[in-house]
1. I'd like to verify a number: residues in the range 127-146 that are out of contact with any helix residue (DSSP H, G or I) (no Cβ under 6 Å at 6 or more places or on another chain), more than 22 Å from ASP101 (Cβ to Cβ) and modelled with pLDDT of 70 or more, how many?
2. Name the single residue, out of those in the range 1-60 being basic (Lys, Arg) and at pLDDT 95 or above, that is nearest to CYS99 (Cα to Cα).
3. How many of the residues in the range 16-40 are touching a helix residue (DSSP H, G or I) at 6+ places or on another chain (Cβ under 6 Å) and surrounded by fewer than 18 Cβ atoms within 10 Å (Cβ to Cβ)?
4. With the structure loaded, tell me whether GLY43 is touching a residue at least 60 places away in the same chain (Cβ under 8 Å), in contact with a Ser or Thr (Cβ under 7 Å, 6 or more places away or on another chain) and surrounded by 19 or more Cβ atoms within 10 Å (Cβ to Cβ) or whether it fails that test.
Amino acid sequence: MKIAFVGKGGSGKTTLSSLFIRHLAATGAPVIAVDADINQHLGAALGLDEEQAAGLPAMGGRLPLIKDYLRGTNPRIASAEKMIKTTPPGDGSRLLRVCEDNPVYEACARAVELDGGAVRLMVTGQFTEADLGVACYHSKTGAVELLLNHLVDGRDEYAVVDMTAGSDSFASGMFTRFDMTFLVAEPTRKGSPSIASTRSTHTTSASTSRWSATRSRARTTSTSCASRSATTSW
């Protein structure tokens, strides 16, 4: 199951993410934990010290490797450079599984020992001063979206993602990759509007995705009908 934790900054999103990950690990469930927050604190919440957390390999910095591996021998993808974050797997693409060893995990994941078990931790990487004016944070979370697009999770296997704060979690199609999304907010009158705002954003984004998909199917159908008509006339 693919699970996301989203919510307002300071609401306890990362804390709840880490507690949930610890709970899953204690039950013996295989877990991939991903820190996709612009403020990278999941490693520390899982018990890593500052130096260990800073030394985690950034997925955003290893995007070419991730793309090249996932592309496999898919004839529809001419090169890794042609892949974008929404590229779906196809014939020849490589899929990832929670319980396996592969070059992507070797390069981007590190084992974190917890009470009662261990998890694989992956991080997008910090948004640094060098990124300002050059790229947005979505350029880093795109690696997570590619991972989720190609990840096959079996029964009682989990991928838990600590998303960035606020409604930005719904600014791309990544939110559609999850089986379950936890919306975290502080239990105050101030926190309630943030829930309503985020739910509204989620609903609008989902509606837009369905509308786009419907338009795409309609265009495909029209093109197909036109092609059949042209063939019959010929």
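1. Number satisfying all stated conditions: 2.
2. Initial filter on the range 1-60 (basic (Lys, Arg)): 2, 8, 13, 22.
Restricting the remaining residues to those that are at pLDDT 95 or above gives 2, 22.
Working: LYS2: 14, ARG22: 17 Å.
Checking each candidate, the answer is LYS2.
3. 0
4. Working: touching a residue at least 60 places away in the same chain (Cβ under 8 Å): yes; in contact with a Ser or Thr (Cβ under 7 Å, 6 or more places away or on another chain): no; surrounded by 19 or more Cβ atoms within 10 Å (Cβ to Cβ): yes.
For GLY43, the condition - touching a residue at least 60 places away in the same chain (Cβ under 8 Å), in contact with a Ser or Thr (Cβ under 7 Å, 6 or more places away or on another chain) and surrounded by 19 or more Cβ atoms within 10 Å (Cβ to Cβ) - is not met.
The values are calculated or read from the model by the stated rules, or taken from the named source; none is laboratory data. Small disclaimer: the values here were computed from a predicted structure and weren't measured. Positions of Cβ are generated from backbone atoms using ideal geometry, with glycine treated the same way; all protein chains shown enter the neighbour counts.
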